[in-house]
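Below: one structure, written as structure tokens.
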Amino acid sequence: MIRLATIGSNWITEKFIDAALQTQQYQLTAIYSRDINKARQFAQKYNVNVIYDDLIQLANDTNVDVVYIASPNSLHFAQAKLMLENNKDVICEKPLTSNLEQTQRLVDFAKQNKQIIFEALKTFYLPNFELIRNYLPKLGKIHKALLNYCQYSSQYPSYLDGENPNTFNPQFSNGSIMDIGIYPLNFAIGLWKKPSSIYASGTQLDSGVDAHGTVLLTYDDFDVIIWHSKVTNSFIHSEIQGEDGSLIINHLSGCEQVFYQPRQGELQEITLKQNSNEMYYEALEFADLYRLRQINHKGLKYSLISSEILTEIRKQINVKFPADND
């Protein structure tokens with residue numbers, strides 16, 4: 001069994017724990033939170049007795065093999081590096097770090113220390129994402145893709161009321177492209193890897209992060225448009241268009257429904273049944289990497305491309321984080 005500890009006590013941590021336990025390959029052994037009372041309350045849900053509010057103590061715990069990190073984005077680099085230094089493998093929520101320099105340093109450090117660093121890019125490991133990849137040849141020559149993820153943030157009213165929630169705070173390396181836009185971006189990278197050119201536009205809030213934006217990725221003879229927003233909702237699907245047909249994807253981060261529309265013929269739903277907890281598949285993927293000790297795994301390439309593009313997008317829309325100066 002993989003002895004798992006977690007950093008963070010939010011909903012996504014709970015979802016990952018549930019996914020990991022479903023695989024029957026993990027044992028939850030420790031919980032960390034900056035607030036010891038939150039750690040205690042969270043641990044009680046899983047009958048875990050070991051709790052920490054000190055990262056050094058967690059890093060020194062010899063009964064922990066892997067640490068899952070779901071803290072604010074700006075803390076990922078330092079926390080992951082500390083765990084790697086202390087012979088812990090790391091599963092880290094996306095984005096892996098605040099910028100390309102940090103990501104490259106973290107990947108290099110993990111390789112040097114013969115530890116696994118794994119970005120929790122759940123979409124890559126979904127059965128329906130693999131289905132989409134396999135269906136691309138049926139579309140013929142691809143010319144266009146619209147990848148759409150716009151979701152009104154529950155924290156936006158607080159921001160409008162003058163508060164400073166993490167999700168709109170540059171101190172935590174956040175904003176629309178880092179929080180929402182990363183899903184369609186990684187979707188494109190997972191299918192077509194690195195684009196030949198990038199053009200980004202965005203609207204900045206007074207706090208200094210982007211509220212929403214558009215990204216154009218060019219791949220030689222076709223282009224991908226990304227819509228992302230944390231201040232509006234969208235009710236349209238994503239679409240990949242080829243000369244012989246199109247794929248239509250509902251909620252692309254989870255690939256909840258997939259449809260194939262041939263150029264001539266009727267719309268066909270081709271969705272595969274997936275685990276209701278989409279994080280189940282990334283937990284399985286990491287368990288395989290752990291068992292085989294695959295330090296230099298394929299996910300690192302995706303993480304580096306994603307981080308490079310995110311950094312370039314922020315440069316183009318003039319969004320800067322304090323982490324960029326570290």
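The values are calculated or read from the model by the stated rules, or taken from the named source; none is laboratory data. Computed from a prediction, not measured in an experiment: that's the story for all the values here. Using ideal geometry, Cβ is built from the backbone for each residue, glycine included, and neighbour counts are taken over all protein chains shown. The protein model used for the area step is the full one, side chains on, heavy atoms only, and it has no ligands, DNA or RNA in it. Shrake-Rupley method; radii C 1.70, N 1.55, O 1.52, S 1.80 Å.
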Worksheet item: Restricting to region 22-60, what's the tally of residues that are aliphatic (A, V, I, L, M), touching a residue at least 24 places away in the same chain (Cβ under 8 Å) and either within 19 Å of N277 (Cα to Cα) or open to solvent by less than 20 Å² (accessible area, probe 1.4 Å) (or both)?
Response: 6
Discussion item. Step by step: first the residues of region 312-326, then only those that are assigned to a helix (DSSP H, G or I) and more than 19 Å from the chain's Cα centre (by Cα), then the one that is modelled with the lowest pLDDT. Which residue is that?
Written reply: N325
Worksheet item: Can you name every residue in region 206-222 that is in contact with a Ser or Thr (Cβ under 9 Å, 6 or more places away or on another chain) and modelled with pLDDT of 95 or more?
Response: V209, D210, A211, H212, G213, T214, V215, L216, L217, T218, Y219
Worksheet item: Under the condition of being free of Cβ contacts under 8 Å to residues at least 60 places away in the same chain and open to solvent by 60 Å² or more (accessible area, probe 1.4 Å), which residue from region 1-13 is farthest from C92 (Cα to Cα)?
Response: M1
Fill in: Filtered residue count, region 222-267, keeping only those that are over 22 Å from Q155 (Cβ atoms), surrounded by 13 or more Cβ atoms within 10 Å (Cβ to Cβ) and of a type in the set (G, A, S)
4
Worksheet item: Are there any strands (runs of 3 or more DSSP E) wholly within region 62-134 with 1 or more residues that are open to solvent by less than 20 Å² (accessible area, probe 1.4 Å) and closer than 22 Å to A39 by Cβ, and if so which?
Response: 66-69, 89-92
Discussion item. With the requirement that a residue be closer than 22 Å to N113 by Cα, modelled with pLDDT of 95 or more and open to solvent by 40 Å² or more (accessible area, probe 1.4 Å), what does region 268-303 give you?
Written reply: E285, D288, Y290, R291, L292, R293, Q294, N296, K301
Fill in: Subset of region 42-61 (residues that are assigned to a helix (DSSP H, G or I) and touching a Ser or Thr at 6+ places or on another chain (Cβ under 8 Å))
F42
Item to complete: Note down all Cβ pairs under 9 Å where the first residue falls in region 209-227 and is under 29 Å from P165 (Cβ atoms) and touching a residue at least 24 places away in the same chain (Cβ under 8 Å), the second is of a type in the set (F, W, Y) and open to solvent by less than 10 Å² (accessible area, probe 1.4 Å), and they're at least six residues apart or on different chains.
Response: V209/F168; V209/F321; A211/F168; I226/F187
Item to complete: For residues that are open to solvent by less than 20 Å² (accessible area, probe 1.4 Å) and assigned to a loop (DSSP other than H, G, I, E, B), tally how many sit in region 141-164.
Response: 1
Response to the item:
When restricted to I305, I309, the only residue more than 30 Å from Q25 (Cα to Cα), among the aliphatic types (A, V, I, L, M) and under 19 Å from the mean Cα position of the chain (by Cα) is I309
Discussion item. Go through region 165-190 and report how many residues are out of contact with any Ser or Thr (no Cβ under 7 Å at 6 or more places or on another chain) and open to solvent by 20 Å² or more (accessible area, probe 1.4 Å).
Written reply: 1
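For every residue, the table says whether it meets (1) out of contact with any helix residue (DSSP H, G or I) (no Cβ under 7 Å at 6 or more places or on another chain); (2) free of Cβ contacts under 8 Å to residues at least 60 places away in the same chain.
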| site | (1), (2) |
| --- | --- |
| V231 | no, no |
| G242 | no, no |
| S246 | no, no |
| G254 | yes, no |
| F259 | yes, yes |
| E269 | yes, yes |
Practice prompt. Look at region 196-252 and say how many of its residues are assigned to a loop (DSSP other than H, G, I, E, B) and on the phi < 0 side of the Ramachandran plot.
Written response: 17
